[in-house]
Every structure is written in structure tokens, then in C-alpha cells.
Amino acid sequence: MKYHKLVENAGRPQGFWGKMMIKAMNKGHSELTDWALAHLEIKRNYNALDIGCGGGKTVSKLCKKIGNGKVFGVDFSELCVEKTKKLNKNNIMCGKASILQASVSSLPFEDNKFDVITAVETFYFWPDKLNDLKEVYRVLKSGGKLLLVFEMVKSEDEPHKWDKVEKSLGIEAVSKDGIVDILLHAGYQNIRTYSKSSTGWLCVTAEKE
Ligand SMILES: C[S@@+](CC[C@H](N)C(=O)[O-])C[C@H]1O[C@@H](n2cnc3c(N)ncnc32)[C@H](O)[C@@H]1O
């Protein structure tokens with residue numbers, strides 16, 4: 001019961017179980033996020049965006065790396081926006097962070113705004129993956145990079161590893177080739193994949209030329 005209530009709230013956290021899920025995600029995705037961020041150059045003056053910011057931990061990690069730049073976070077869940085704002089209160093007060101309620105399908109930003117864009121454990125939930133990736137491409141600067149981060153990765157060694165979660169949430173684990181393919185179709189270049197064999201994690205960087 002508890003497991004189901006928690007997992008049900010991964011895609012759009014709300015209410016009591018949403019709050020519990022946000023807490024669990026901030027803790028549970030922290031190591032994954034640190035590992036993935038190490039594959040992305042983040043300069044102190046960068047404009048960064050975290051899509052599907054959840055409880056705001058990635059936004060706070062980005063704020064630590066960015067000096068006089070700015071970090072935006074978006075999530076379509078009202079509760080996630082509230083929690084991300086709470087965790088990043090000081091960053092928001094000093095003008096370093098700004099959090100907005102928005103869907104990846106229609107980002108409230110002008111073209112060519114961001115040097116880096118991160119999306120941690122959220123891609124599976126995007127409603128129209130190819131067009132959503134194109135929308136992300138629109139707001140990336142030329143030379144800017146997108147970092148996609150995945151824990152749910154299809155594995156030949158453990159083909160049924162994600163069956164339960166996939167069934168509960170109606171989403172699909174990703175494959176490395178599938179992600180590279182869709183990024184190429186969406187117009188990205190210089191796509192690089194990184195896997196951590198001990199955990200099965202995958203992160204992918206992709207550039208707008
Ligand atoms: C599994 S959580 C991951 C949260 C956070 N990135 C982390 O690593 O802890 C997925 C997040 O993506 C958000 N999300 C799902 N679909 C979205 C969409 N279409 N647009 C914006 N955010 C979305 C959810 O509300 C949720 O906060």
C-alpha cells in the first residue's frame with residue numbers, strides 16, 4: 001500500500017504521499033545527480049535550467065556550482081514548485097534561482113536562453129517525447145548542452161528489473177540506443193552516453209550546435 005501510494009506520486013507529486021515522495025526523491029536521487037553532473041561542464045556565469053525539478057535538490061546543487069549566473073527550475077506539479085522554492089529560499093532571495101510551474105511541452109522562456117539544461121529522472125513521464133525534446137532544444141543556446149539522467153535503464157542482465165514500476169506508472173525504462181536515436185531525431189548533436197556499471201545508471205549529454 002505504502003509502496004504503491006509513493007510510486008503513484010513519482011510522475012506528478014501531490015498531497016500527503018506526494019510530499020513523502022518528494023522527500024524520498026531528494027534523498028534517493030542525490031548520488032545519481034552528483035554522478036551525472038560530473039559529466040557536464042558548468043561555468044560560474046552559466047544560465048541553467050532544471051526540468052522536472054521535483055523537490056529542488058538539483059536546483060540547489062546547480063546554484064552551488066554557478067556564481068553570477070542564474071538557475072531556473074520548472075515542474076508541472078504545484079507541490080514540487082512549492083517544495084523547490086522552500087529548499088532554495090536563500091537562492092531565490094538573492095536572485096540566483098527562480099522556480100516556475102510549467103510543463104516541458106511549453107517552456108516559458110525565450111529561444112536560446114540556457115547554457116545547460118538538466119532533466120533528472122523525469123524524461124519517462126514527458127507526454128510527447130520527441131516534441132518535448134525539440135522544445136528543450138529551442139531554449140538551449142547554440143553550444144549549450146542538455147543532460148538527461150536515468151536510473152530506469154533496460155538491462156539485458158536483468159530484463160525484469162523495472163517491470164513493477166513500469167506497470168504501476170505506465171512508463172517505460174529507457175535504452176541507451178533509444179535515447180540516442182530520439183535525441184538525433186530532435187536535432188541534437190555531439191551526443192555522449194555514460195553508464196555506471198555497478199548501478200546501471202545512464203546519463204546522456206547532447207548539444208545544440
Ligand atoms: C521522478 S520525479 C524526479 C524529480 C527530480 N528531478 C529528482 O530527481 O528528484 C519526476 C518529476 O518530473 C515532473 N514532471 C513529470 N512530467 C512533467 C512535465 N510534462 N513537465 C514538467 N515536469 C514534469 C514531476 O512532477 C516530478 O517532479
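Structure values in brief
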quantity: Matching residues in the stretch 33-56 - criterion: being within 9 Å of the ligand (Cβ to nearest atom), under 11 Å from the mean Cα position of the chain (by Cα) and not β-branched (Val, Ile, Thr); calculated: Asp50, Gly52, Cys53, Gly54, Gly56
quantity: The listed residue being within 16 Å of the ligand (Cβ to nearest atom), over 21 Å from Gly56 (Cβ atoms) and under 15 Å from the mean Cα position of the chain (by Cα), out of Val174, Val149; calculated: Val174
quantity: Single condition Ser197 does not satisfy, out of (1) closer than 19 Å to Trp35 by Cα; (2) modelled with pLDDT of 95 or more; (3) of a type outside the set (D, E, K, R); calculated: (2)
quantity: Condition check for Asn68: of a type in the set (S, T, N, Q), surrounded by fewer than 20 Cβ atoms within 10 Å (Cβ to Cβ) and at pLDDT below 95; calculated: yes
quantity: Strands (runs of 3 or more DSSP E) completely within the stretch 18-110 that count 2 or more residues being touching a Phe, Trp or Tyr at 6+ places or on another chain (Cβ under 6 Å); calculated: 47-51
quantity: Residues satisfying the stated conditions in the stretch 160-170, i.e. closer than 22 Å to Tyr194 by Cβ and either open to solvent by 70 Å² or more (accessible area, probe 1.4 Å) or touching a residue at least 60 places away in the same chain (Cβ under 8 Å) (or both); calculated: Lys161
quantity: Conditions (1) of a type outside the set (Phe, Trp, Tyr); (2) open to solvent by less than 30 Å² (accessible area, probe 1.4 Å); (3) within 15 Å of Phe72 (Cα to Cα); (4) touching a residue at least 40 places away in the same chain (Cβ under 8 Å): number failed by Ala102; calculated: (4)
quantity: Pairs with Cβ under 6 Å, 6+ apart, first in the stretch 47-69 and within 16 Å of Met93 (Cα to Cα), second in a loop (DSSP other than H, G, I, E, B) and within 16 Å of the ligand (Cβ to nearest atom); calculated: Gly56/Asn88; Val59/Cys53; Val59/Asn88; Ser60/Asn88
quantity: Pair list, Cβ under 8 Å, 6 or more apart: the stretch 115-137 residue within 29 Å of Arg44 (Cβ to Cβ) and of a type in the set (A, V, I, L, M, F, W, C), other residue assigned to a helix (DSSP H, G or I) and within 9 Å of the ligand (Cβ to nearest atom); calculated: Val120/Leu32; Val120/Thr33; Val120/Thr58
quantity: Identity of the residue in the stretch 110-136, open to solvent by 50 Å² or more (accessible area, probe 1.4 Å) and under 25 Å from Ile171 (Cα atoms), that ends up nearest to the ligand (Cβ to nearest atom); calculated: Phe125
quantity: Residue under evaluation Pro13, criteria (1) near the ligand (Cβ under 9 Å from one of its atoms); (2) outside any loop (DSSP other than H, G, I, E, B), criterion not met; calculated: (2)
quantity: Val104 within 9 Å of the ligand (Cβ to nearest atom), under 21 Å from Leu184 (Cβ atoms) and in contact with a Cys (Cβ under 6 Å, 6 or more places away or on another chain); calculated: no
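The values are calculated or read from the model by the stated rules, or taken from the named source; none is laboratory data. Keep in mind it's a predicted model, so treat the numbers as computed, not measured. Quick reminder, even Gly has a Cβ in these numbers, built from the backbone with ideal geometry, and neighbours come from all protein chains shown. For accessibility, only protein heavy atoms count, side chains too; no ligands or nucleic acids. Shrake-Rupley method; radii C 1.70, N 1.55, O 1.52, S 1.80 Å.
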